[in-house]
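Asker: Shown below is the structure under consideration.
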Amino acid sequence: MNKIYIPGVIVVEGKEDVSYLSSFIDSLFFTTNGYDISKEKIEFLKRVSEVNRIIVLTDNDEAGMQISDKIKSEICMVIVEKTAKLKRKSYYKAGVAETIKEEVLKVLLPYASDKKDETKLTDYQLNRIISLSSNPKATKNLIVNKYRLIDGNIKFLSQQLQMLKIQPEEVLKEYGN
């Protein structure tokens, strides 16, 4: 099955949402982890909004509305898609992961594109840069600090670099061997 490419960053609440959406959507995803949307995450998303479209797609519940309202109040260039009227697979949960695929596509298809940006730093490339350096921990910290990333594992760091549209050549030139 071909996935629909949605350029930009889709902000969701949790990993279940990412797992479900990524089964039919090709995009970058940023998770808030429920109510846990820290000042650090908001600041990062502000920077992302300067170079990338942000689509907030949260659950139709109190937590989801609170998260989308907070992001919208802090970041001007953000698109908030309401899921309130979307049909669900379950009547007991109001989450994005429980929303019928066709309903999600109705909301996201207006943002779809055929042009996919293939120039991105992969997890593998970033892992090689860090692990092959003389001091991997220091190199990772330098990258986190230089690009003002939220510290995490290699996959999370490379996703953030992609969200910020940092070109692979830039990182390879500065930190590659």
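The values are calculated or read from the model by the stated rules, or taken from the named source; none is laboratory data. Predicted model only: the values in this text are computed from it and were never measured. Neighbour counts are summed over all protein chains in view; Cβ atoms, including those assigned to glycine, are modelled from backbone coordinates with ideal geometry.
Asker: Scan Lys106, Lys140, Lys146, Lys115 and give me the residue that is out of contact with any His (no Cβ under 8 Å at 6 or more places or on another chain), surrounded by 15 or more Cβ atoms within 10 Å (Cβ to Cβ) and of a type in the set (Lys, Arg).
Answerer: Result: Lys140 is the single residue among Lys106, Lys140, Lys146, Lys115 that is out of contact with any His (no Cβ under 8 Å at 6 or more places or on another chain), surrounded by 15 or more Cβ atoms within 10 Å (Cβ to Cβ) and of a type in the set (Lys, Arg).
Asker: Still on this structure, I have one more. Does Lys106 count as among the charged types (D, E, K, R) and either under 17 Å from Ile10 (Cβ atoms) or at pLDDT 85 or above (or both)?
Answerer: Taking the combined requirement at face value, the residue satisfies it.
Asker: Is there a residue in the stretch 37-60 that is more than 15 Å from the chain's Cα centre (by Cα), at pLDDT below 80 and not basic (Lys, Arg)?
Answerer: Yes, the stretch 37-60 contains at least one residue that is more than 15 Å from the chain's Cα centre (by Cα), at pLDDT below 80 and not basic (Lys, Arg).
Asker: Has the stretch 68-79 got at least one residue that is at pLDDT 85 or above and loosely packed, with under 13 Cβ neighbours inside 10 Å?
Answerer: Among the residues of the stretch 68-79, at least one is at pLDDT 85 or above and loosely packed, with under 13 Cβ neighbours inside 10 Å, which makes the answer yes.
Asker: For the stretch 111-150, which positions are free of Cβ contacts under 8 Å to residues at least 24 places away in the same chain and either among the β-branched types (Val, Ile, Thr) or within 26 Å of Ile79 (Cα to Cα) (or both)?
Answerer: Once the filter is applied, which keeps residues that are free of Cβ contacts under 8 Å to residues at least 24 places away in the same chain and either among the β-branched types (Val, Ile, Thr) or within 26 Å of Ile79 (Cα to Cα) (or both), the stretch 111-150 yields Glu118, Val144, Tyr147.
Asker: List every residue pair whose Cβ atoms sit under 9 Å apart, with the two residues 6 or more apart in sequence or on different chains, where the first one lies in the stretch 165-177 and is within 22 Å of Asn52 (Cβ to Cβ) and the second, anywhere, is part of a helix (DSSP H, G or I) and among the polar types (S, T, N, Q).
Answerer: Once the first residue is within 22 Å of Asn52 (Cβ to Cβ) and sits in the stretch 165-177, its partners that are part of a helix (DSSP H, G or I) and among the polar types (S, T, N, Q) give Ile166/Gln160; Pro168/Gln125; Val171/Gln125; Leu172/Gln125.
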